[in-house]
1. Taking only the range A:399-425 into account, find how many residues are more than 9 Å from RNA strand B (Cβ to nearest atom) and of a type in the set (A, V, I, L, M).
2. Can you tell me which of (1) at pLDDT below 90; (2) exposed (fewer than 14 other Cβ atoms within 10 Å of the Cβ) is the one A:Val452 doesn't meet?
3. Given the conditions (1) farther than 30 Å from A:Phe405 by Cβ; (2) crowded, with 20+ Cβ neighbours inside 10 Å; (3) not hydroxyl-bearing (Ser, Thr, Tyr), which single one is not true for A:Leu151?
4. Yes or no: A:Val78 assigned to a loop (DSSP other than H, G, I, E, B), within 14 Å of RNA strand B (Cβ to nearest atom) and at pLDDT 90 or above?
5. Among the residues of the range A:128-137, is any among the β-branched types (Val, Ile, Thr), within 16 Å of RNA strand B (Cβ to nearest atom) and part of a helix (DSSP H, G or I)?
6. When you look at A:Arg514, is it more than 9 Å from RNA strand B (Cβ to nearest atom), closer than 26 Å to A:Ser425 by Cα and either in contact with a Lys or Arg (Cβ under 9 Å, 6 or more places away or on another chain) or modelled with pLDDT of 95 or more (or both), yes or no?
7. Which of the residues that make up the range A:472-502 are within 20 Å of A:Met529 (Cβ to Cβ), outside any helix (DSSP H, G or I) and either within 11 Å of RNA strand B (Cβ to nearest atom) or within 12 Å of the chain's Cα centre (by Cα) (or both)?
8. Tell me, yes or no, whether the range A:448-455 has at least one residue that is more than 22 Å from A:Gly40 (Cα to Cα), out of contact with any Cys (no Cβ under 9 Å at 6 or more places or on another chain), of a type in the set (A, V, I, L, M, F, W, C) and in a helix (DSSP H, G or I).
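The values are calculated or read from the model by the stated rules, or taken from the named source; none is laboratory data. Remember, it's a predicted structure, so these values are computed and weren't measured experimentally. As a convention, Cβ positions derive from the backbone with ideal geometry for all residues, glycine included, and neighbour counts pool all protein chains shown.
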Amino acid sequence: MRNEVRKAVMDALAPLLSRAGTDKAALPYIAIEVPEDKFGDFSTNVAMVCTKFLKIPPRKIAEELLPTLKENQLFSAVSIAGPGFINFSVKPERWIEDFRSIPDDNSEYGSLPPVLGEKVLIEFVSANPTGPLHIGHGRGAAVGDSLARLLKKAGYDATTEYYTNDTGLQMENLGRSTLVRYRQLMGMDATLPENCYQGEYIKDIAREIVDRDGNRYMDMPETEALPFFTTYTAGNILEDIKKDLAHFRIGFDTWASEKFFHESGAVEQTIQKLREQGSIYEKDGALWLKTQYLAGDEKDRVVKRANGITTYLAADIAYHDDKYRRGFTRIIDIWGADHHGYVARMKAAAKALGQNPDSLQPMLIQIVSLKKGGEVVAMSTRSGKFTTLKEVVDDVGVDAARFTFLTRSHEAQLEFDLDLTKQQSSENPVYYVQYAYARISNIFKTAQARGVEPFPENPAWHRLTVDDEIKIMKRALFFPALVEDAAKGLAPHQTTHYLVELAGLFHKYYNVNRVVTDDLELTGARLAMVARLRTVIKNGLELLGVVAPETM
RNA sequence: GCGCCCGUAGUUCAGUUGGAUAGAACGCCAGAUUGCGGUUCUGGAGGUCAGGGGUUCGAAUCCCUUCGGGCGCACCA
């Protein structure tokens, strides 16, 4: 529908453009919006936006467009208002005509035609296998997964990936942590170094090794035992991470490993390539990437240390090179907000690799603060004192957790209220939306119990005259536009707001209107309507990875 | 000290690449509700968009500045 309005506007604008001798490629973005009710169904700022361009006052442009727009059969009314807005009312029969094309069988709806020439990679979570996922990872997971669903729905070729940092100094620290705990369990007087991982889960893993292999590693020198402990611990933790993610309904299309890029020689090759090409130079025995020159970074960054060991950044450059080689044209990296200093570095890397830096889109997820019993729960990472994703999900459930993570823009800090999220009442948006779905499902059960034909061949659409019915149909029909907007804006949280609004319209309607009545014709029409509403709610929840329940 | 992000109703947050009288939920106040299924609905109060300056037809949105909060400033990852 919105696209039809856009086309009508563009068509009307065409003569003015050719008269001015300009083509529409140079045109600024023209908004087709859904305004407040009183202004009609759609509005556009086209006249204001084109003022500078055409050197004509906004109201004058609007007046020139008006006759053409009024001829369009889509509209029942077109008017100029305020500084130069053009407001449209769409003919009621056109709304119904469009609305009836929504499937009434809960099937696919809202998918947009394929976007050609774009291949998107979304990398997210990518937590180091040094400990369990915490609540912040959960937010990143929910955002990344929902974004992937959204982009796919919007017609993009999108792939999800998890990058494991399974090598390097932190991995050694991890292995040493387990080794020390192991020795302690074997009765040895060993103390855990500062830079080691203090969490209880390390002890559990050490205990597993004791049960498995007994004292086998006690006599070994550390250099010999360490690799085993590192590999075992990381593998063990990664399995737990995968389990937690699976339970949170997060799946990845592909898994990438830092170790692989080192072992395959890709890291060295990439460094070599960039060095020959002039983006890397040598200073103080180390190799530096010109991040300052390439992307305005504060300073240049080391990719290979003086001791010959490559840095994390080096591997990440090789990894991103690999992403581009695999044919991705857009690379979305979802990171914690504490990585913002890393953005310039990777933009520089993209540029050095010969790519457009704009094709790399890091999304920084702001922190989550946990609130319990009205108080904010303190969290610190390394010390092992943090709330795990698993704890939260076990407490509030997968649906509520996912939905809550997606109620806020990813770039706003989020307060996660455990008590509220756990509550199964209308105060909790996720239940409010799910309840709307369950209610509709129940209406059909009622209809069935009363022997009413739930899907009449030709619903009497003209019987749907209640104000709220029209509102519901219009809002439901906005769904494809929502998919388009949210995908374009990388803003999956818009889906939750939309669903809450849609559910609100329905609850209000339900409260004053009965669907199943003795009036069979009206009943048939209303059933046809709520069936289509159900489709939209289900497909919306699907974008969030939240279940649409038949019963609560 | 330098850099990045943020500051919107009592609270948590939206605000569609600058648009019409800044919205929602929760909370609060007042009411409705024997009905398909409970966890329902209606109305109301509530704002210096942190403060100040600028850009223009028009600013919560863009620029400068002050204040307040978060984060980052490694040859760690």
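1. 4
2. (2)
3. Failed condition: (1).
4. no
5. Checked against the condition, which is being among the β-branched types (Val, Ile, Thr), within 16 Å of RNA strand B (Cβ to nearest atom) and part of a helix (DSSP H, G or I), the range A:128-137 yields at least one hit.
6. On the way: more than 9 Å from RNA strand B (Cβ to nearest atom): no; closer than 26 Å to A:Ser425 by Cα: yes; either in contact with a Lys or Arg (Cβ under 9 Å, 6 or more places away or on another chain) or modelled with pLDDT of 95 or more (or both): yes.
Against the criterion (more than 9 Å from RNA strand B (Cβ to nearest atom), closer than 26 Å to A:Ser425 by Cα and either in contact with a Lys or Arg (Cβ under 9 Å, 6 or more places away or on another chain) or modelled with pLDDT of 95 or more (or both)), A:Arg514 does not qualify.
7. Of everything in the range A:472-502, just one residue is within 20 Å of A:Met529 (Cβ to Cβ), outside any helix (DSSP H, G or I) and either within 11 Å of RNA strand B (Cβ to nearest atom) or within 12 Å of the chain's Cα centre (by Cα) (or both), namely A:Phe478.
8. There is at least one residue in the range A:448-455 that is more than 22 Å from A:Gly40 (Cα to Cα), out of contact with any Cys (no Cβ under 9 Å at 6 or more places or on another chain), of a type in the set (A, V, I, L, M, F, W, C) and in a helix (DSSP H, G or I).
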